[in-house]
1. Do you know which residues across region 197-211 are touching a residue at least 24 places away in the same chain (Cβ under 8 Å) and within 16 Å of ligand 1 (Cβ to nearest atom)?
2. All but one of (1) more than 12 Å from ligand 1 (Cβ to nearest atom); (2) farther than 26 Å from HIS6 by Cα hold for GLU156; state the number of the condition that does not hold.
3. Within region 133-149, can one find any residue that is of a type outside the set (Lys, Arg), surrounded by fewer than 23 Cβ atoms within 10 Å (Cβ to Cβ), in contact (Cβ under 8 Å) with a residue 24 or more places away in the chain and more than 27 Å from SER2 (Cα to Cα)?
4. From the residues in region 238-272 that are within 16 Å of ligand 1 (Cβ to nearest atom) and polar (S, T, N, Q), which one is farthest from MET119 (Cα to Cα)?
5. Taking region 245-274, which residues are closer than 23 Å to GLU108 by Cα and either surrounded by 13 or more Cβ atoms within 10 Å (Cβ to Cβ) or within 16 Å of ligand 2 (Cβ to nearest atom) (or both)?
6. Does region 225-244 include one or more residues that are at pLDDT 95 or above, in contact with a Pro (Cβ under 8 Å, 6 or more places away or on another chain) and within 24 Å of ILE105 (Cβ to Cβ)?
7. Please name all residue pairs, on different chains or six or more residues apart, with Cβ atoms under 8 Å, provided the first residue is in region 237-252 and is on the phi > 0 side of the Ramachandran plot and the second residue is within 12 Å of ligand 1 (Cβ to nearest atom) and acidic (Asp, Glu).
8. Only one of (1) within 30 Å of PHE182 (Cβ to Cβ); (2) at pLDDT below 90 is not met by LYS10, so which one is it?
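The values are calculated or read from the model by the stated rules, or taken from the named source; none is laboratory data. If you're wondering where the values come from, they're calculated on a predicted model, not measured in any experiment. Neighbour counts run over all protein chains shown; Cβ positions are idealised from the backbone, glycine included.
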Amino acid sequence: MSIKLHHVLKRVHALPPLPDSAIQVIDLTKNPATSVKELETVISKDPALTAGILRQANSAYYGYARRISSLQEAIVLLGFQVTQELAMSAAISPILRAQLLGYRIDQEELWKHSVLTAMAAKRVCQHCKLPYGDVAFTAGLLHDIGKLVISIYVQEVGDFLLKKAKDTSRSFVELEEKVIGFDHARVGGFLARAWNLPDELVAAISFHHSLSNAQNYEVLSSVVHVANGLSSLLGIVGGVDSLYNPIRQKALDLLRLEESDLELLKEDLKKILLDPTIFS
Ligand SMILES: [Fe+2]
Ligand SMILES: [Fe+2]
């Protein structure tokens, strides 16, 4: 069934773009010279983004005791990194709340998996003392966007892929590449590029299952890989493929994570999961 690249790219460009304001927020929050006013001006031009940020800023996950009622307050109290997380979550939420038949994903499933993977990626960075907190969160949030593009192809060969994944030692993602010609990670990278996301995000999305191709971004890609695996182990799967894409030892070695670290991370994430509003 090998699919031609131009068919895939046509589908990539047919998807709704990420709002400009969200891309600008990434650029502005990365720049230490940015002022609160500048950030506020960009976000406030997008009412949906503003509403999304304020709603999530008041969720229990961010743990702020008193109500945050203005954008300026949110930026000052929560900081640039969290503002970026909130902006990206608000921007991508309607895009990820999609039913994807190829992966047997219902309306909310990919969204929930992406949110937990984002939180897990940030937590892995804290645990491993890596300086990628903000980018890891956003990479975790976006890691499976390629599924939006190739689910339609997976739908045609899904039963075959599942059977092969069960009967052989190959992962589902390897089989996607072999049978369809592209896997969801690589295609996610095409989409990230089309959305003008920065290189480190494009790389972490593209290589979250094929770490050896990640070159300079191997550590960040491994963080997303492990975070994705942790979400799946906790039952917040991102499709029927999730259990057939296990955590690779290579990623654990690179991050110097032992089985006991994974257990600790899982316990932390279970606590986050006690609050259902994280998925609102
Ligand atoms: Fe994935
Ligand atoms: Fe995933």
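1. Looking only at region 197-211, we keep the residues that are touching a residue at least 24 places away in the same chain (Cβ under 8 Å), and these are 197-198, 200-201, 204-205, 208-211.
LEU201, ALA204, ILE205, HIS208, HIS209, SER210, LEU211, listed by residue number.
2. Among (1) more than 12 Å from ligand 1 (Cβ to nearest atom); (2) farther than 26 Å from HIS6 by Cα, the lone unmet condition for GLU156 is (2).
3. There is at least one residue in region 133-149 that is of a type outside the set (Lys, Arg), surrounded by fewer than 23 Cβ atoms within 10 Å (Cβ to Cβ), in contact (Cβ under 8 Å) with a residue 24 or more places away in the chain and more than 27 Å from SER2 (Cα to Cα).
4. ASN245
5. ASN245, PRO246, LYS266, ASP268, LEU269, ILE272, LEU273
6. Taking every residue of region 225-244 in turn, at least one turns out to be at pLDDT 95 or above, in contact with a Pro (Cβ under 8 Å, 6 or more places away or on another chain) and within 24 Å of ILE105 (Cβ to Cβ).
7. GLY239/ASP144
8. So the condition that LYS10 fails would be (2).
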